[in-house]
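Report on the structure given below.
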Amino acid sequence: MSEPRVIPADEALAWSLSTYPALDWTDLEDAIADAISDSMDMDWTSRDGARAVVECLKKIGART
């Protein structure tokens, strides 16, 4: 039995975004900007922003 092919994260993300019906990039930018803004607090780091963006993209991917 062959091992499953490992898909790089960027390939999986590109595929998800390409299959998103009628993707409006402005809406995607707005969703990411909102996720980053919502993640900010006094101890905010770029890692917090990155986590917020990843969670946002997961939610968008789940809707497809």
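The values are calculated or read from the model by the stated rules, or taken from the named source; none is laboratory data. Just so it is clear, the structure is predicted and the values come from calculations on it, not from any experiment. With ideal geometry, Cβ positions are generated from the backbone for all residues, glycine too; neighbour counts draw on all protein chains shown. Side chains included, ligands, DNA and RNA excluded: accessible areas come from the protein's heavy atoms. Shrake-Rupley method; radii C 1.70, N 1.55, O 1.52, S 1.80 Å.
General observations
- Sole exception among (1) surrounded by 11 or more Cβ atoms within 10 Å (Cβ to Cβ); (2) at pLDDT below 85; (3) among the β-branched types (Val, Ile, Thr) for Val6, by number: (1)
- Filtered residue count, region 20-64, keeping only those that are at pLDDT below 85, open to solvent by 50 Å² or more (accessible area, probe 1.4 Å) and among the hydrophobic types (A, V, I, L, M, F, W, C): 3
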